[in-house]
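Chemist: Dropping the structure in here first, questions after.
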Amino acid sequence: MAFVIGLTGGIGSGKTTVANLFADRGIDVIDADIIARQVVEPGTEGLAAIVDKFGADILDAQGMLDRAKLRAYIFSTPDAKEWLNALLHPTIRLEMLRQTQQATSPYCMLVVPLLIENGLQSLCDRVLVVDVSEQTQIERTTQRDNVDETQVKNILKAQASRKERLSFADDVVENECSNEELNAQVAALHSQYVALAGKQRESS
């Protein structure tokens, strides 16, 4: 079993940027968002159940799940969010576990936006939080996703608070800095994780 680092952070914090820096160092990155998309691709049981629940309007012109429409709906309808989580989370969790067990790098990185909210830190040996201010989250997300500030604030309310997320952190990447400073933080953590993974292998 690989040494697992759980990478998380609020929306707009830069999780993908940080994960890519670890991937550049040869680390296997398992991304919950990618798995979440795979389990609702056309032809899957997951997508069929969603269409049954919300109707065909939840699909785009190509028959794919319209994720923006679904996200806007579930954040304004708590019951719908709970139903969707109950449908998809068990499948996503099983696939994450399968991929961590198949990892071949010294350690692997499990990237989960809602790691804390869904209690998935139990799958990890360490939790790494990518941290930025709430204002930075709002600015980055409105620009990136072309959504209004109100929608972003609703998403923030549905996520763990910055303080709560940091309370679970074993390690923190501060992501309001230059690319060089960010890369230096990742380099230091990479060395630390390789050493910790080596110690785990020796003791097992």
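Chemist: Do we have any residue at all in the range 131-149 that's over 15 Å from the mean Cα position of the chain (by Cα), part of a helix (DSSP H, G or I) and over 12 Å from G12 (Cα atoms)?
Modeler: Yes, the range 131-149 has at least one match.
Chemist: Now, a different point. Among the candidates A49, A103, single out the residue that is closer than 30 Å to V186 by Cβ and surrounded by 15 or more Cβ atoms within 10 Å (Cβ to Cβ).
Modeler: A103
Yes/no per residue for (1) assigned to a helix (DSSP H, G or I); (2) of a type in the set (A, V, I, L, M); (3) at pLDDT below 90:
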| site | (1), (2), (3) |
| --- | --- |
| P113 | no, no, no |
| E117 | no, no, no |
| L128 | no, yes, no |
| V152 | yes, yes, yes |
| V172 | no, yes, no |
| E180 | yes, no, no |
| L189 | yes, yes, no |
| Q192 | yes, no, no |
| A195 | yes, yes, no |
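Chemist: Do you know which residues across the range 49-104 are of a type in the set (D, E), over 29 Å from A2 (Cβ atoms) and touching a residue at least 12 places away in the same chain (Cβ under 8 Å)?
Modeler: The answer is D57, and nothing else.
Chemist: Taking the residues in the range 158-170 that are in a helix (DSSP H, G or I) and touching a helix residue (DSSP H, G or I) at 6+ places or on another chain (Cβ under 9 Å) as candidates, determine which candidate is modelled with the highest pLDDT.
Modeler: Applying the first criterion (in a helix (DSSP H, G or I)) to the range 158-170 yields 158, 162-167.
Okay, now just the ones that are also touching a helix residue (DSSP H, G or I) at 6+ places or on another chain (Cβ under 9 Å), so 158, 162.
On the way: A158: 85, R162: 93.
Checked the range 158-170; the qualifying residue modelled with the highest pLDDT is R162.
Chemist: Given (1) touching a strand residue (DSSP E or B) at 6+ places or on another chain (Cβ under 6 Å); (2) buried (at least 18 other Cβ atoms within 10 Å of the Cβ); (3) not hydroxyl-bearing (S, T, Y), where does D170 come up short, assuming only one miss?
Modeler: (2)
Chemist: Got at least one residue in the range 128-138 being under 21 Å from K81 (Cβ atoms) and touching a Phe, Trp or Tyr at 6+ places or on another chain (Cβ under 8 Å)?
Modeler: No, the conditions are met nowhere in the range 128-138.
Chemist: If a residue has to be free of Cβ contacts under 8 Å to residues at least 40 places away in the same chain and within 23 Å of the chain's Cα centre (by Cα) to count, how many in the range 164-186 make the cut?
Modeler: Within the range 164-186, the subset free of Cβ contacts under 8 Å to residues at least 40 places away in the same chain is 166-167, 177-181, 184-185.
Adding the requirement that they be within 23 Å of the chain's Cα centre (by Cα) leaves 166-167, 177-179, 181, 184-185.
Residues meeting the conditions: 8.
Chemist: From the list S204, S161, S191, S178, pick out the single residue that is farther than 30 Å from A2 by Cα, among the polar types (S, T, N, Q) and surrounded by fewer than 15 Cβ atoms within 10 Å (Cβ to Cβ).
Modeler: Details: S204 fails: farther than 30 Å from A2 by Cα; S161 fails: farther than 30 Å from A2 by Cα; S191 fails: farther than 30 Å from A2 by Cα.
Of S204, S161, S191, S178, the one residue that is farther than 30 Å from A2 by Cα, among the polar types (S, T, N, Q) and surrounded by fewer than 15 Cβ atoms within 10 Å (Cβ to Cβ) is S178.
Chemist: Sort through D33, D28, D24 and tell me the only one that's closer than 29 Å to C177 by Cβ, buried (at least 17 other Cβ atoms within 10 Å of the Cβ) and among the acidic types (D, E).
Modeler: D28
Chemist: Would you check which residues across the range 1-44 are farther than 18 Å from V173 by Cβ, in a loop (DSSP other than H, G, I, E, B) and either under 10 Å from the mean Cα position of the chain (by Cα) or of a type in the set (V, I, T) (or both) and list them?
Modeler: If the condition is that a residue be farther than 18 Å from V173 by Cβ, in a loop (DSSP other than H, G, I, E, B) and either under 10 Å from the mean Cα position of the chain (by Cα) or of a type in the set (V, I, T) (or both), then V39, V40, T44 are the ones that fit.
Chemist: Next question, about the same structure. Would you please name the residue that is surrounded by the fewest Cβ atoms within 10 Å (Cβ to Cβ), looking only at residues in the range 53-95 that are part of a helix (DSSP H, G or I) and polar (S, T, N, Q)?
Modeler: Out of the qualifying residues, it is S76.
Chemist: Another one. Out of (1) in a helix (DSSP H, G or I); (2) within 25 Å of I34 (Cβ to Cβ); (3) out of contact with any helix residue (DSSP H, G or I) (no Cβ under 7 Å at 6 or more places or on another chain), the odd one out for S105 is which?
Modeler: If we test S105 against (1) in a helix (DSSP H, G or I); (2) within 25 Å of I34 (Cβ to Cβ); (3) out of contact with any helix residue (DSSP H, G or I) (no Cβ under 7 Å at 6 or more places or on another chain), just (1) comes out false.
The values are calculated or read from the model by the stated rules, or taken from the named source; none is laboratory data. Since the structure is predicted, the reported quantities are computational estimates derived from the model, not experimental observations. Note that we place each Cβ from the backbone using ideal geometry, even for glycine, and neighbour counts take in every protein chain shown.
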